[in-house]
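The values are calculated or read from the model by the stated rules, or taken from the named source; none is laboratory data. All of these numbers come straight from a predicted model, not from anything done at the bench. Heads up, the Cβs are rebuilt from the backbone with ideal geometry, glycines too, and the neighbour counts pull from every protein chain shown.
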Ligand SMILES: Nc1nc2c(ncn2[C@@H]2O[C@H](COP(=O)(O)OP(=O)(O)OP(=O)(O)O)[C@@H](O)[C@H]2O)c(=O)[nH]1
């Protein structure tokens, strides 16, 4: 998702290469490109205009012109403004209430409500050890109730049975009663979807809302609808006080612009993104990390979290500690990470979070993002001694040739891996020391086309 936007913005940054100074003219050219990239990604026009105006104002200010590294300063402005556009801080789910915390799910038919309910239930159960109950108030489509039953079982959360003959409000009240009596932490109430927002649907969900007074009221919407997705969310929010939006199917061909517009247009945060049909295909939405991904810088924190969820918790802890201290992250750790990534599956989603050049390297090595490329990298690391992995900078040319022979690759590939690793290590160090601003500086030379 958003690949095209990333590519286009990457090109924009590239055009800045070699520009010793930024002028109003070349900034204007650059902004025109950014504008086109955003429109192409299906970001709503008013959002684009507003965004460009903000970047322009900042870019023409002192922070960019006259800066020693104008290109980076400009990328920094775009990054900050993208983050702001998407809401600044990640908001997460609010469960701060007397249990059970009720989460009301709404959305048009086929948006992915039922799947998302199970995904979030699984997420809360596994990551926050919550006791979760789910109920369906969709009495119009009996298959919907069955579907929730099936996905709840898959997700390992409890399902409260309901029937087509009952009234939605009665179902919700009975489920709430059951949840209270059995000490559930969270109750998901899935509701009927319609083809379009209509008054009967709104009246019904308003009644449910009034009855349940949910701590979270989430609107689930299909990213493939593009700007329509955002407009539907806005219309819905006018009728019912939403607490957040979940954008589904961001793994598909969607141009992804909806992810950038939701906050600006609805005033409500995008809390989660659906990224696959499977029940683990959901990600918490972090504006800053998403901005980094869009600009091709990778989502290092996301990677760390994946690592934490990996199979070996102890190793993951150790890794996070190393990341935090900024010390001693070496190829042994990297090898462990690759091993864990493999176990977690989802290579492409992990590569998506890596800095662009790193992911590209994996792609070049194997021609595809798949296991083959990672296998080659792993092969190279495996041919090194543990000592070499912890101090790769000391590997001599003769050893490089042997390592290459051992892994069955060209020696250039070994060099490339070592160079890239060194850069990644630098970025990680900087990140652990000083957060995003320093990391951006650390990115010097890593982004395609960043001025060196
Ligand atoms: N690729 C992909 N497919 C998704 C995602 N979320 C949901 N789906 C698919 O979208 C389809 C519709 O999802 P449902 O959960 O049935 O949608 P719903 O909103 O409950 O639909 P109704 O019950 O008809 O209102 C299913 O085939 C899901 O597998 C996602 O994030 N990515």
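Points to keep in mind about this one:
- Test: residue 143 is buried (at least 24 other Cβ atoms within 10 Å of the Cβ) and within 12 Å of the ligand (Cβ to nearest atom): no
- Selected residue (criterion: modelled with the lowest pLDDT) from residues of region 189-209 that are more than 16 Å from the ligand (Cβ to nearest atom) and closer than 19 Å to residue 162 by Cβ: 207
- Helices (runs of 4 or more DSSP H) completely within region 1-94 that count 2 or more residues being at pLDDT below 70 and over 22 Å from residue 287 (Cβ atoms): 3-15, 70-85
- Selected residue [outside the structural domain of residue 39 (by TED's automatic domain parsing), part of a loop (DSSP other than H, G, I, E, B) and at pLDDT 85 or above] from 278, 271: 278
- Residue list for region 105-118, restricted to those being modelled with pLDDT of 95 or more and in contact with a helix residue (DSSP H, G or I) (Cβ under 7 Å, 6 or more places away or on another chain): 105, 114, 115, 117, 118
- Scanning region 70-106 for residues that are free of Cβ contacts under 8 Å to residues at least 24 places away in the same chain and closer than 30 Å to residue 135 by Cα gives a single hit, 98.
- Count of region 95-140 residues, restricted to those that are more than 16 Å from the ligand (Cβ to nearest atom) and part of a helix (DSSP H, G or I), is 5.
- Among the residues of region 265-290, those identified as away from the ligand (no atom under 14 Å from the Cβ) and farther than 29 Å from residue 204 by Cβ are 286, 287, 288, 289, 290.
- Residue count for region 251-267, restricted to those that are in contact (Cβ under 8 Å) with a residue 40 or more places away in the chain and part of a loop (DSSP other than H, G, I, E, B): 5.
- If you go through region 185-211 and keep only what is touching a helix residue (DSSP H, G or I) at 6+ places or on another chain (Cβ under 9 Å) and either within 18 Å of residue 246 (Cβ to Cβ) or surrounded by 23 or more Cβ atoms within 10 Å (Cβ to Cβ) (or both), you end up with 186, 187, 188, 189, 190, 191, 192, 193, 194, 197, 205, 208.
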